[in-house]
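What follows draws every value from the coordinates through simple rules; no lab data is involved. Quantities reported herein were computed from a predicted structural model and do not represent experimental measurements. FYI the Cβ positions are ideal-geometry reconstructions off the backbone, even for glycines, and counts take in every protein chain you see.
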Amino acid sequence: MTTENKVMKCKLLVIGAGPGGYVCAIKAGQLGIDTIIVEKSRLGGTCLNVGCIPSKALIHAADEFHKLTEASEGTSKIGISAAKPVLEFPQTMAWKDGIVGRLNSGVGGLLKRAKVRMVEGQAQFLDGKTVEIATSTGPQIVHAETIVIATGSAPVELPFLQFGGDVISSTEALALLEVPKSMVVVGGGYIGLELGMAYSKLGSKVTVVEAGERILPQYDADLTKPVVSRLAELDIDVILKARAKGLAADKTALNIELASGEEVSLHAKKYLVTVGRKPNTVGWGMDNLVLETAGPFIKIDERCQTSMKGVYAIGDVTGEPMLAHRAMAQGEMVAEIVAGKSRMWDKYCIPAVCFTDPEIVTVGLSPDDAKAEGIGIKVGLFPFQANGRAMTTEREDGFIRVVARAENNIIIGVQAVGASISELSAGFALAVEMGARLEDIAHTIHAHPTLSEGFQEASMKALGSALHI
Ligand code: FAD
Ligand code: NAD
């Protein structure tokens, strides 16, 4: 890092090295753009350090432990028994931290290879072309022709249930050193259920308090039904239409209000609050700019251009869906635009995967979405109860559902729920993105026995000719 005169110049400055920012910087560097990236914390942002990666590591460890626990309890139907497993949780967390560390240095290496200059510190806009970075060696001024805001998001804090002590966010939940005997999860969305199910499998008695009428309200009820059944199997209590009110005066319980208006206290070792995430729009001098907003987010157009020329914004700070792969796709696109290429956001779909047990995948339009848009549709659904591979892995819960335009059979959406179904998301997204017709999927040979045959069968079903149901 050059700091002698405390002024650096570059063509592109990226603020924030999460999946949006670091992908943008790497791509820009590869395209020969003189690029600086600034990060106040660790390379990789939320996703790599306290989000996608550590949560999936924890979920995997929990699944492994749970399988062995079941085998030790003599409930195995497939003739496997085992001694009671022992969980060395600090070792589990150290293994998870090792993965994060490897990916962390991987991102650093990729940025270096792309000749991107990295500056550690908190960035603050002085004007639309100038940023001051508070580094450990003092302030660093950077002048840039173009600036990309990729400052990401942070957990929503409830004013009456602030983080601290036993009230934790996902960040602390991913850094616990022992499995709490009991946990109340406030918010039955993505994070609450992914982490709540994992801690339940690791031995915690988990209760989920959800304000809505059902868990995962962003998905349709058919898709969440298998998750609801699994929550019951795992002995996770779910209290719907209930709101957290705050900790009891002695801090040993969480007071919640039930739908009936009755107030009850839930005692637990940890209270995990997962009621959404908010864009990081403070702390970097947004007031010194004239940026239009869209609700709490920075408003962008189809090129991720903000209302200020030469200032782009990508990732969670720009709105829903707050997903790593959306941020990455935006980052890659903006780098090409800065390099002078003609690009705009032309994606038909952004796949979403919820890593609950079973997993949920959605791509494109659901039947309800399509109907709301006045599109005439054909729908085909294939249940895993009729899939050989699902039987051989003891997981027959779930289905694949295909939605196609009635007039031409073009697939406009795929939804699925099932164990390990996340790996099929690429095929679903490809079908929608390429404008595949039901016949394309139905006439493609799908390897046997695989869960993917369910995609072929669901397409055949929509055509009125399923073979195995
Ligand atoms: P972020 O990853 O939030 O990165 C922003 C970066 O900017 C941070 O490193 C921050 O330190 C830095 N920054 C902010 N302000 C400044 C400043 N002024 N100066 C310098 N640096 C600054 N998404 C998925 O797609 N799949 C998943 O499985 C998934 N699981 C998740 C699990 C959890 C527990 C959580 C919390 C999130 C998960 N997400 C998942 C969401 C995903 O993490 C985000 O969508 C993604 O990280 C957004 O990327 P981003 O680049 O926009 O922002
Ligand atoms: P979420 O929006 O998925 O779920 C929040 C839940 O909290 C909702 O069901 C809501 O009804 C409920 N809620 C809100 N206020 C409440 C209250 N006072 N009391 C009880 N319940 C309340 O939010 P999240 O789980 O915090 O996740 C944030 C975002 O992070 C997600 O929207 C997603 O974009 C991202 N994420 C993605 C993944 C993934 O891709 N697998 C995983 C984790 C997080």
Which value, in debye to the nearest 20, describes the size of the charge dipole of region 185-325 about its Cα centre when Lys and Arg Cβ atoms bear +1, Asp and Glu Cβ atoms bear -1, and nothing else is charged? 360 debye
About the Cα centre of the chain, what is the dipole size in debye to 20, counting +1 per Lys and Arg Cβ and -1 per Asp and Glu Cβ, all else neutral? 1060 debye
Using amide H atoms built 1.01 Å from N in the peptide plane, name the residues 5+ places from S182, or on other chains, whose amide H lies under 5 Å from its own. K205, K269, K270
Could you grab the relative contact order for region 99-204? Cα pairs under 8 Å, six or more apart, rounded to a whole percent. 12 percent
Among F163, V227, S342 the positive-end extreme of the charge dipole of the chain (Cβ point charges): S342
Under a straight-distance cross-link criterion of Cα-Cα below 26 Å, which lysines are reachable from K341, leaving out those fewer than 8 residues away in the same chain? K9, K11, K27, K112, K115, K129, K299, K309
Estimated inter-spin distance, D440 and W95, nm [label 7 Å along Cα→Cβ]: 4.0 nm
What GluC sites (Glu not before Pro) does region 390-469 have in DSSP loop regions with at most 14 other beta carbons within 10 Å? E394, E407
Could you tell me which Cys residues in the chain have no other cysteine's Cβ under 4.7 Å from their own Cβ, answering none if every one has a partner? C10, C24, C304, C349, C354
Rank the residues K201, K56 as a footprinting-exposure proxy: fewest other Cβ atoms within 10 Å of their Cβ go first. K56, K201
Relative contact order in percent for the chain (Cα pairs under 8 Å, 6+ apart) equals 14 percent
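Arranged by the count of other C-beta atoms within 10 angstrom, fewest first, what order do Y190, Y348 take?
Ordered from fewest to most neighbouring Cβ atoms within 10 Å, Y190, Y348 come out as Y348, Y190.
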Projected label distance in nm at D301 and A339, using a 7 Å step from Cα toward the beta-carbon: 2.2 nm
